[in-house]
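K.L.:
Okay, handing you the structure first.
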Amino acid sequence: MHKLTLLNSHSELDLNLDLGGQVERLTLKHPRLDKKIPVILPYDSSLPFFQSGNFLMYPWVNRLESNKITVVGRKITIDPLAKDSTDRPIHGLYFNKRRRLIELKKDSARIEPIEVNPKFPQFIESFVLEDNSLTIRTEFYNPTDNIQEFAYGYHPYLRLKANLEECSIHTNFTHYIPLTDDLLPNKDLIKNEISYLFISNSLLGQMKLDHLFTGSPSEPYFGIADEKEKILLQVRVSVNSQIPLPYFQVYTPEDRKSIAIEPMSSTGNAFFTAKSGLCRLNPGDRIFGEFIIELLKL
C-alpha cells in the first residue's frame, strides 16, 4: 500500500494514495503548548468509507438526484462509485481512486489521479503542512476542446476533544439552506438565518447538524473550540483561492466523536439546481481552490 508521511517540526500528516489521498492521520501543534493535537478522526477501514478521515468530492459534492446530467448542452451519463440508500449518486468519482505522486518534500506533496474521466477537468492536489495548519490546494485544468463544468469539495472529520459536546461553535456564516427530505438543497436555494439554529460561540451540546451553511462575506470559516484550553480548530477558505468555496456542509455523526466540516464550491445537486455554483472551464483554462485546516488560539 502506497502511503506518504509529511512532517513539520510539530505536525504530521499521513496520506494513503491507494485510497484517493485519504487523510489517515493529521496532528497539529497546540498554539500555546509544546504538544501535538490529533485533529482529524483517523481513517478506520472497519467503518464505511465515508465515516472517517478526509476525502475529495469531485466533480460533484454530496448528492445528485440522477446519474444523467447535462453539461453545457451535452448529455452525460455518470457511472457513480457509490449511491445513497435512495439510489442517488454521492460524493463524486474520485474519493477512493488511486493517486500518483508528482512531487514530495518533507512538509508538502503534490498528487494526481492515475485514471481520469475526460468529461470533466483533470486535477492536481497539493498538501502543505505547517506547525498549526494544513493547506489543501486543488488545481483544475481543461485539456479538451469542450467547455467543462464541475463542483468540488472536501469531507474532513475533525475532532478537538474526546467529548465533542463540550466544544463550542465558531463561524462567520450567516444563513443556511434547508435540505429536503431527500437531503438535497431546495431548488430555489431559499435561505434561513443561522440564528434559527444557534449563535456563534454556542455550545454544541446535543445539537444535531446536517446543514448547508452559506452567507459569509469573505474568507468563510467554521470551527469548534475548547473554551477551557482556549484553542480553536477550524476550516477556513484561503484568501488566495481562485474558486469561491461559499458553502460548508456540516454534519455531526451519531457517535459524536467528530464533526464533518465540508468546504464546497457548490451546493449538492449542482447539475440540477440553477445558481448552485458550478465552475466552468474553457478549453486550456486552469483554476484552483484552496482551504486551510488550522489550530489557533481562541
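The values are calculated or read from the model by the stated rules, or taken from the named source; none is laboratory data. What you are looking at is a predicted structure, and each value in this text was computed from that prediction instead of being measured. We place every Cβ from the backbone using ideal geometry, glycine too, and count neighbours over all the protein chains shown.
K.L.:
Residues to consider are F173, F150, F120; find the one that is within 21 Å of the chain's Cα centre (by Cα) and over 24 Å from V71 (Cα atoms).
P.N.:
That would be F173, the only listed residue that is within 21 Å of the chain's Cα centre (by Cα) and over 24 Å from V71 (Cα atoms).
K.L.:
Mind listing just one residue for me: the one in region 91-104 that is farther than 14 Å from Y152 by Cβ and free of Cβ contacts under 8 Å to residues at least 60 places away in the same chain and, of those, surrounded by the most Cβ atoms within 10 Å (Cβ to Cβ)?
P.N.:
The residue in question is I102.
K.L.:
Also: Which residues, counting only those in region 157-182, are assigned to a strand (DSSP E or B) and under 24 Å from K228 (Cα atoms)?
P.N.:
The answer is Y157, L158, S168, I169, H170, T171.
K.L.:
OK, next. What's the number of the only condition in (1) farther than 16 Å from V128 by Cβ; (2) among the polar types (S, T, N, Q); (3) surrounded by 17 or more Cβ atoms within 10 Å (Cβ to Cβ) that S45 fails to meet?
P.N.:
Answer for S45: the failing condition is (3).
K.L.:
Can you tell me how many residues within region 48-77 are within 17 Å of I147 (Cα to Cα), surrounded by 13 or more Cβ atoms within 10 Å (Cβ to Cβ) and among the charged types (D, E, K, R)?
P.N.:
Count: 0.
K.L.:
Are any residues in region 150-172 small (G, A, S) and under 30 Å from V116 (Cβ atoms), and if so, which ones?
P.N.:
If we filter region 150-172 for residues that are small (G, A, S), which is where we start, we get 151, 153, 162, 168.
If the condition is that a residue be small (G, A, S) and under 30 Å from V116 (Cβ atoms), then A151, G153 are the ones that fit.
K.L.:
What residue, among those in region 257-276 that are under 29 Å from E130 (Cβ atoms) and assigned to a loop (DSSP other than H, G, I, E, B), is modelled with the lowest pLDDT?
P.N.:
Looking at residues that are under 29 Å from E130 (Cβ atoms) and assigned to a loop (DSSP other than H, G, I, E, B), I get K257.
K.L.:
Specify the residue that is surrounded by the fewest Cβ atoms within 10 Å (Cβ to Cβ); the eligible residues are those in region 27-42 that are touching a His at 6+ places or on another chain (Cβ under 9 Å) and in contact (Cβ under 8 Å) with a residue 60 or more places away in the chain.
P.N.:
Among residues in region 27-42 that are touching a His at 6+ places or on another chain (Cβ under 9 Å) and in contact (Cβ under 8 Å) with a residue 60 or more places away in the chain, the one surrounded by the fewest Cβ atoms within 10 Å (Cβ to Cβ) is H30.
K.L.:
Let me ask something else. Please go through region 217-256 and give me each residue that is under 14 Å from H175 (Cβ atoms) and in contact with a Pro (Cβ under 7 Å, 6 or more places away or on another chain), ordered by number.
P.N.:
Listed by number, the residues that qualify are P220, P246, F248.
K.L.:
Now a separate question. Could you count how many residues in region 120-178 are within 25 Å of G73 (Cα to Cα) and buried (at least 19 other Cβ atoms within 10 Å of the Cβ)?
P.N.:
The first filter runs over region 120-178 and keeps only residues within 25 Å of G73 (Cα to Cα), leaving 120-123, 139-153.
Checking which are buried (at least 19 other Cβ atoms within 10 Å of the Cβ) leaves us with 120-121, 123, 139-140, 142, 148-153.
Of the residues in region 120-178, 12 are within 25 Å of G73 (Cα to Cα) and buried (at least 19 other Cβ atoms within 10 Å of the Cβ).
K.L.:
Might you check whether a residue that is modelled with pLDDT of 95 or more, among the basic types (K, R), over 20 Å from the mean Cα position of the chain (by Cα) and within 20 Å of Q22 (Cβ to Cβ) occurs anywhere in region 89-104?
P.N.:
Looking for residues that are modelled with pLDDT of 95 or more, among the basic types (K, R), over 20 Å from the mean Cα position of the chain (by Cα) and within 20 Å of Q22 (Cβ to Cβ), one finds at least one in region 89-104, hence yes.
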